[in-house]
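Engineer: Sharing a structure, written as structure tokens. Questions coming.
The values are calculated or read from the model by the stated rules, or taken from the named source; none is laboratory data. Keep in mind that what you see is a predicted model, and the values were worked out from it rather than measured. Note that each Cβ is placed from the backbone with ideal geometry, even for glycine, and that neighbours are counted across all protein chains shown.
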Amino acid sequence: MTTSKRVAERKVAKFEKNITRRGLNPLTGKNKMEPAHIVLALFAVLVVGSFVFQVVKMAINGGNNVDGSF
């Protein structure tokens, strides 16, 4: 199947127009938090909170291991 020159030029012009507009979509430029960032932040809060809890627990008990955990 052959394509006429007019149709081919129209397709090329449309393609060139899209090339010059690449990256100008205002919806993709927003800095929104993705679900992966939220999960990573929750994990970090959990790890830091657990660490602080263990430090406070050891400070209260004087470093003795009273509950049998390591």
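Engineer: Modelled with pLDDT of 75 or more and either among the basic types (Lys, Arg) or surrounded by fewer than 10 Cβ atoms within 10 Å (Cβ to Cβ) (or both): does that describe ILE19?
Structural biologist: When the stated conditions are applied, ILE19 passes them.
Engineer: Output yes when any residue across segment 31-38 is surrounded by 10 or more Cβ atoms within 10 Å (Cβ to Cβ), among the aliphatic types (A, V, I, L, M) and either under 35 Å from the mean Cα position of the chain (by Cα) or at pLDDT 85 or above (or both), and no when none is.
Structural biologist: Yes; the residues of segment 31-38 include at least one that is surrounded by 10 or more Cβ atoms within 10 Å (Cβ to Cβ), among the aliphatic types (A, V, I, L, M) and either under 35 Å from the mean Cα position of the chain (by Cα) or at pLDDT 85 or above (or both).
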